[in-house]
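Here the structure comes first, spelled out in structure tokens, and everything after it is commentary.
The values are calculated or read from the model by the stated rules, or taken from the named source; none is laboratory data. Keep in mind that what you see is a predicted model, and the values were worked out from it rather than measured. FYI the Cβ positions are ideal-geometry reconstructions off the backbone, even for glycines, and counts take in every protein chain you see.
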Amino acid sequence: MPGSISRNGVDERGRRDGRERRWSRTLTRRSLFLGGASIVGAALVAACGSAPAPAATPQPPQAAAPTTAPTNATPATSQAPATNPTATSAPAAAAASAGQKVTIQVFNRQTPTNETVKGMVPEYMAKHPNVTIDWQSAPPGADLQKMLVLAAAGTSPDVQWQCLLCNYHQFILAGLVLEHDPLVKATRYPIDTQMPQAMANASVNGKLYGLPQALHPSYPCVIINKTMFEKGGVPVPKEEWTDGPHPGWKNWTFDDMRSAAVALTKSQNGRVQQWGLQMQGAANAFDVIQQAIRSEGGDMFSPDGSKLTWSSDAGRKATAYYAGLYTKDKATPITPDMPTGGPDLMASGKVAIRNAPVWSILTAKNTFKDFEWMILPAPRGAAGTDGNVEPNLFSVQKATKNPEIAFDVLASIVDPQWGWKSVDLGGIPGSQKEFWAPDSRLTKDPNFAVFARMMNTVSPNVLPANGRRAELATQWIAGMDPIWLGQDVDSNKLIDQLTPKLQAILDSTPASLQELSAPRKA
């Protein structure tokens, strides 16, 4: 099995362009409480008073969702000065010295790798004995529902986890998230240590509403059964990168992947025994199609997120490509071939190629025991090989009574040391440059090195302006059922049929908290 992630003697904290990784978190009491109010508090009063968030603050818990929606991500390179890497932070220490007892409630998604950040709790409370961190979490699915129920009741935590494609935008649209620019500027948080694409997607309407903590480039790669390629007489693509803003491999285009998939599909007695490619079922099909459309020079949404552009030439080309693999080439397993609870087809040696996120490396190491595998970039289109930036973030909520201290806790949560601990458990890497740099210890693994290179060139995500991406993606996947079932359908007609229904979702107002928090229908 090629490659392994090991420390190789490299300091896991990395190098931040020769500067200190950690930033000092101490302010004098005099500077914090100048004129009876903290400098950060003063900035927040100005920000919240004269520059409202993109949506009006709701009247909990019956408030209707705002009717205005933010535009999509804009570069956040000018969010805060980062000229002093040891700049001071929010006044947790000062609060302690003043004898102020403060409880900061944090809500996180409960997975082993996500919860590595909880390691900051004893460390932080030891340094700031008057600050108590009340850490709460819930498993995937239940976590989003719990956060929505708390928000509808007006009892959101001080600091909250979100993934970009979960409800990050919806909480911002509902006016529940504090604008972070004043906090960043007052504390001089080192924004330039973060990946710029992650910061771009943390911003809405040019304003920052959270700090990224983990990051991945969605589905810019595929994983192949290298042994199956070699036994089947199909050449394994060579690592020869193209030039341009979205480089891929020279000999790995969409046509090349289709040829390999068709050649490696094997049937016996009229029944497929081995498939060349698996997409739906092993990957998020909506994300994969969006990645392919971007690689062909288009996108699923208009830049402002108000229009579905799936019916563009790039959208039709990418959709027809994958539809053909299902309906004409019969090179992919259809829904009945993948029963719930059934075996992993690739681990069972029945699939040659699969669309791959970064966590597929851990899956492969744990389950692909009988063959050699490797990571390649996704196939190259007219615009190269692109993907989608997907950060996980933490945000200070407007419900907090202690925004400065909450932000200081948040800054400790997103510290890279916890990202490295997540990596050690096989989790998603951190959002800072040190994880994705060419000299990162992670790039010692040639498979991760491909993801790292892609992470530096994929585009920020474009999301629906009304925050209804999850709803739209669910409806899109359901509408594509004829393809997943291998039926002989015209993908262009399917696009024309589904587009008005999906556009209606984009045309609707942002979902209210009551709608989002209501029990889901079975």
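Key figures
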{"item": "Those residues of region 213-245 which are surrounded by 21 or more Cβ atoms within 10 Å (Cβ to Cβ) and closer than 23 Å to Glu434 by Cβ, in sequence order", "result": "Gln213, Ala214, Leu215, His216, Pro217, Ser218, Pro220, Cys221"}
{"item": "Every residue from region 262-320 that is aromatic (Phe, Trp, Tyr) and either at positive phi or over 22 Å from the mean Cα position of the chain (by Cα) (or both)", "result": "Trp275"}
{"item": "Phe368 being buried (at least 19 other Cβ atoms within 10 Å of the Cβ) and in the same structural domain as Ile191 (by TED's automatic domain parsing)", "result": "no"}
{"item": "Tally of residues being more than 29 Å from Ala214 (Cα to Cα) and surrounded by fewer than 21 Cβ atoms within 10 Å (Cβ to Cβ) across region 346-365", "result": "3"}
{"item": "Residue in region 132-143 that is assigned to a loop (DSSP other than H, G, I, E, B), surrounded by 24 or more Cβ atoms within 10 Å (Cβ to Cβ) and at pLDDT 95 or above present", "result": "no"}
{"item": "Residue match in region 419-428 (condition: surrounded by fewer than 23 Cβ atoms within 10 Å (Cβ to Cβ), in contact (Cβ under 8 Å) with a residue 12 or more places away in the chain, within 19 Å of Tyr209 (Cα to Cα) and out of contact with any Cys (no Cβ under 8 Å at 6 or more places or on another chain))", "result": "no"}
{"item": "Exclusive hit being of a type in the set (S, T, N, Q) and part of a strand (DSSP E or B), set Ser395, Ser422, Ser412, Ser459", "result": "Ser395"}
{"item": "Residue check for Ser440: under 22 Å from the mean Cα position of the chain (by Cα), over 23 Å from Ala378 (Cα atoms) and small (Gly, Ala, Ser)", "result": "no"}
{"item": "Strands (runs of 3 or more DSSP E) wholly inside region 211-315 that include at least 1 residues being touching a residue at least 12 places away in the same chain (Cβ under 8 Å) and more than 24 Å from Pro339 (Cα to Cα)", "result": "211-216, 221-225"}
{"item": "Subset of region 473-516 [touching a residue at least 24 places away in the same chain (Cβ under 8 Å), of a type in the set (D, E, K, R) and part of a loop (DSSP other than H, G, I, E, B)]", "result": "Asp488"}
{"item": "Only listed residue being surrounded by fewer than 23 Cβ atoms within 10 Å (Cβ to Cβ) and out of contact with any Cys (no Cβ under 8 Å at 6 or more places or on another chain), chosen from Gly206, Gly248, Gly210", "result": "Gly206"}
{"item": "Which numbered condition Ile375 fails, given (1) touching a Pro at 6+ places or on another chain (Cβ under 7 Å); (2) assigned to a strand (DSSP E or B)", "result": "(1)"}
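For (1) of a type in the set (Lys, Arg); (2) farther than 28 Å from His246 by Cα, each residue gets a yes or a no:
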| position | (1), (2) |
| --- | --- |
| Met454 | no, no |
| Ala465 | no, no |
| Leu485 | no, yes |
| Ser491 | no, no |
| Lys501 | yes, yes |
| Pro510 | no, yes |
| Ser517 | no, yes |
